[in-house]
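As structure tokens, the structure follows; a few thoughts come after it.
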Amino acid sequence: GAVVSQHPSRVICKSGTSVKIECRSLDFQATTMFWYRQFPKQSLMLMATSNEGSKATYEQGVEKDKFLINHASLTLSTLTVTSAHPEDSSFYICSAEQGRDGYTFGSGTRLTVV
Amino acid sequence: AQSVAQPEDQVNVAEGNPLTVKCTYSVSGNPYLFWYVQYPNRGLQFLLKYITGDNLVKGSYGFEAEFNKSQTSFHLKKPSALVSDSALYFCAVSPYGGATNKLIFGTGTLLAVQP
């Protein structure tokens, strides 16, 4: 079946640095990918929709300059958390659409900013 | 506003007993409906989906869900729970009836199956 690989699974960074998270569709092409953020014991919050070759569409309240999204190819989307702060610590999950059958999710990235 | 509700934060059930995890939605049109399961520090795994057709949908790991249009519900069920079913379950809706649109998630229900 369709697989989405998300890397890294866990990252710890210092406050003020930037962190890049990659999301790859391994055996299919994903025109559209989605980035979610999940707080402990809460649901997934959609941050942005990433479209190959065009600018991402951000949800209301999400800072586009802080959460940079690049979808340069049909198999790769990246999320860069710039100038990270402790409040950015969270679990980030990507997903890719597969047309009519639905969505496949990555395994998530646990970001801890110290 | 479009929304998905999972009224129970946690469901406790004994192993071998049937389980139900509830989900209701409030969206217009004919949405696509999904159930996902999440294990600790992992991404979401697809369980099943409803697009059209038979109201009873069978999915992975023995789970099934019943679509009820009049009650706008899509409850997840399993006839006999396993301890390994213990996880966080999310109901989700694609409001415009297509997988090229974003999903709206419920708040999740933690299923705890006691041996």
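The values are calculated or read from the model by the stated rules, or taken from the named source; none is laboratory data. Computed from a prediction, not measured in an experiment: that's the story for all the values here. FYI the Cβ positions are ideal-geometry reconstructions off the backbone, even for glycines, and counts take in every protein chain you see. Note: accessible area is taken over every heavy atom of the protein model, side chains too, but ligands, DNA and RNA are not part of it. Shrake-Rupley method; radii C 1.70, N 1.55, O 1.52, S 1.80 Å.
Close contacts from segment A:28-52, counting a first residue that is at the interface with chain B (Cβ under 9 Å from one of its Cβ atoms) and hydroxyl-bearing (Ser, Thr, Tyr) and a second that is outside any strand (DSSP E or B) and open to solvent by less than 40 Å² (accessible area, probe 1.4 Å), with Cβ to Cβ under 6 Å and a gap of 6+ residues or different chains, come to A:Ser43/B:Gly108.
Kindly indicate the residue of segment A:1-21 that is more than 14 Å from chain B (Cβ to nearest Cβ) and surrounded by 14 or more Cβ atoms within 10 Å (Cβ to Cβ) and also farthest from A:His71 (Cα to Cα) among those meeting that condition. Of everything passing the filter in segment A:1-21, A:Cys13 is farthest from A:His71 (Cα to Cα).
Evaluated against (1) over 28 Å from A:Gln6 (Cα atoms); (2) surrounded by 14 or more Cβ atoms within 10 Å (Cβ to Cβ), B:Gln71 falls short on exactly one condition, (2).
When we screen A:Ala30, A:Ala84, A:Ala2, A:Ala48 for residues that are within 24 Å of A:Val113 (Cα to Cα), of a type in the set (Gly, Ala, Ser) and not in a strand (DSSP E or B), the only hit is A:Ala84. Among the residues making up segment B:8-46, those that are of a type in the set (Asp, Glu) and either modelled with pLDDT under 95 or open to solvent by less than 80 Å² (accessible area, probe 1.4 Å) (or both) are B:Glu8, B:Asp9. Does B:Glu15 qualify as being among the acidic types (Asp, Glu) and closer than 30 Å to A:Thr109 by Cα? When the stated conditions are applied, B:Glu15 does not pass them.
Of everything in segment A:22-54 that's charged (D, E, K, R) and modelled with pLDDT under 90, which residue is surrounded by the most Cβ atoms within 10 Å (Cβ to Cβ)? First the steps, then the outcome.
First, the residues of segment A:22-54 that are charged (D, E, K, R): A:22, A:24, A:27, A:37, A:41, A:52.
Then keep just the ones that are modelled with pLDDT under 90; that gives A:27, A:41, A:52.
Working: A:Asp27: 10, A:Lys41: 10, A:Glu52: 16.
Checked segment A:22-54; the qualifying residue surrounded by the most Cβ atoms within 10 Å (Cβ to Cβ) is A:Glu52.
The residue of segment B:48-82 that is nearest to the other protein chains (Cβ to nearest Cβ), among those that are touching a residue at least 40 places away in the same chain (Cβ under 8 Å) and either charged (D, E, K, R) or within 23 Å of A:Pro40 (Cβ to Cβ) (or both), is B:Leu76. Would you say A:His71 is crowded, with 17+ Cβ neighbours inside 10 Å and not acidic (Asp, Glu)? When the stated conditions are applied, A:His71 passes them.
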